[in-house]
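The values are calculated or read from the model by the stated rules, or taken from the named source; none is laboratory data. The structure presented is a predicted model; accordingly, all values stated were derived computationally and were not measured. Note that each Cβ is placed from the backbone with ideal geometry, even for glycine, and that neighbours are counted across all protein chains shown.
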Amino acid sequence: MKLLNLKIEGLFNLFNHEIHYNQKERITILTAPNGYGKTMTLKIIDNLFNKRFSFFSRLVFDKIIVTLDNNNSINIIKTITSDTTKIDFILKDNIQTITAFEYPSKKLLSEVKKGMPFRQIEEFLPNFIERVRSNEFLNISTNETLSLEEAIYQYSDYIPEHFMKRFNIGIPKEFLYILDELEVYLIQEQRLIQRESVSNHRLRRETVITDTIEKYSHELSYKIKQIIEEYAQVTQSLDSSFPKRLFKARKTSLNEEELKAKLQSLQEQRQKTSQYGLLKLDEDSFLEEAEISDSDTKVLSLYIIDSEEKLAVFRSLVDKIELFTKILNERRFNFKKIKIDKDKGFIFESENGSILQLTELSSGEQHEVVLLFELIFKSSDNSLVLIDEPEISLHIVWQKEFLNDIKEIIKLQNIDIVIATHSPYIIDDSWDLTVNLEASKSE
């Protein structure tokens with residue numbers, strides 16, 4: 001599913017914006033002076049599709065219309081009276097309303113005011129959601145703080161239907177289906193530091209500050225070890241069944257030259273995989289000058305099929321690592337290079353061979369590494385990635401290369417990108433991709 005259009009009426013009681021998202025190049029760039037709502041448009045999409053509905057209670061707006069490529073649209077209408085603020089979420093097709101719900105439901109608010117038994121909620125929520133205060137929950141996997149209402153709405157599929165009906169707070173399944181069809185990932189302006197909550201008691205917690213670049217280095221190491229473990233499992237399964245499958249296999253139709261070409265291709269794949277420490281490469285080539293006899297072709301054919309299946313485990317991660325290191329080493333960093341280490345994730349080595357602490361990199365270098373890591377390793381296939389001010393701390397030369405990098409990442413990751421920026425150097429000569437939010441005030 002794709003996002004086609006976003007229309008916002010009465011943003012901050014000042015602006016009416018309409019944004020048409022570029023479907024061909026898959027890159028849309030939002031520009032405007034400070035205060036016109038560039039970042040807020042990113043947050044609207046992020047909070048809607050990640051089911052953080054309380055955001056819209058805090059946002060100043062009248063109406064939001066999100067148009068999708070499946071002939072559906074989502075209308076969000078805010079109504080404020082003397083004592084309540086109501087948000088209506090309405091899913092429509094081209095002809096009629098499909099379904100709607102109100103946030104927060106009157107029944108839920110009534111029960112919260114009366115002191116709803118929190119244990120009723122806690123026992124249904126997933127184990128990575130824990131209560132830290134009387135009306136506050138923590139997602140320990142993302143460090144996101146949730147109100148009771150947010151916890152219920154975001155994880156409604158964990159809560160029994162009879163419970164949801166009791167408090168009249170269920171989100172219609174059709175609505176949930178639409179929201180789940182588009183994965184949205186926001187790369188925020190503040191990228192170098194992460195604040196993580198550590199709970200020592202169910203109602204008491206401490207905040208630990210982590211350097212993002214070190215966290216992501218550890219994440220890459222974990223990804224590598226996971227892939228190596230998966231490779232070992234696939235190898236064990238194939239090797240154990242090899243004799244049985246060999247007896248059942250038919251004679252191959254491949255000739256000697258075709259077999260040698262496939263063996264050479266396997267060797268090249270192994271070399272590419274081994275250079276990042278994911279696979280140990282034997283020093284001796286498995287290609288021999290001797291001719292391949294007819295009796296060998298059957299064995300070699302099955303060997304090639306098995307080897308291709310084993311190496312396929314690495315392909316996606318290797319492609320990501322290759323692009324990640326290529327951009328940093330060929331286009332970015334002077335006097336240092338990034339290297340991949342299966343135990344450490346990634347490291348930086350100076351010209352004299354000394355290993356640098358990741359936090360010794362300049363803020364611009366750290367921003368570049370973190371931004372690329374999020375785009376390449378943390379975004380999912382066919383998702384929508386929102387990037388707020390990618391130019392922060394980046395040299396002008398790096399800014400001018402940014403869109404070229406994005407285009408390569410789009411090809412690899414199959415993602416759509418929306419960028420909010422002040423920088424003409426980020427845009428470079430791609431003004432056809434921009435949407436200028438500098439608009440006149442609403443009446």
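Evaluating residue 98 against the criteria (1) more than 23 Å from residue 145 (Cα to Cα); (2) in a strand (DSSP E or B); (3) free of Cβ contacts under 8 Å to residues at least 60 places away in the same chain; (4) more than 25 Å from the chain's Cα centre (by Cα) leaves one unmet condition, (3).
Every residue in region 329-362 that is outside any helix (DSSP H, G or I) and basic (Lys, Arg), please. Across region 329-362, the qualifying residues are 332, 336, 337, 339, 342, 344. Only one entry of 56, 61 meets the criterion of being buried (at least 19 other Cβ atoms within 10 Å of the Cβ) and part of a loop (DSSP other than H, G, I, E, B), and that entry is 61. Filtered by the rule that a residue be among the charged types (D, E, K, R) and at pLDDT below 95, region 39-68 gives 51, 52, 58. When restricted to residues that are under 32 Å from the mean Cα position of the chain (by Cα) and touching a residue at least 24 places away in the same chain (Cβ under 8 Å), region 288-314 contains 8. Inspection of region 260-277 finds a residue satisfying the criterion of being under 29 Å from residue 237 (Cα atoms) and in contact (Cβ under 8 Å) with a residue 60 or more places away in the chain.
Which one is nearest to residue 4 (Cα to Cα) among residues in region 55-83 that are free of Cβ contacts under 8 Å to residues at least 12 places away in the same chain and among the β-branched types (Val, Ile, Thr)? Looking at the filtered set, the residue picked out is 79.
Within region 221-247, residues that are part of a helix (DSSP H, G or I) and of a type in the set (Asp, Glu) sit with their Cβ atoms under 6 Å from residues that are at pLDDT 95 or above and surrounded by 15 or more Cβ atoms within 10 Å (Cβ to Cβ), at 6+ positions apart or across chains, in these pairs: 230/313.
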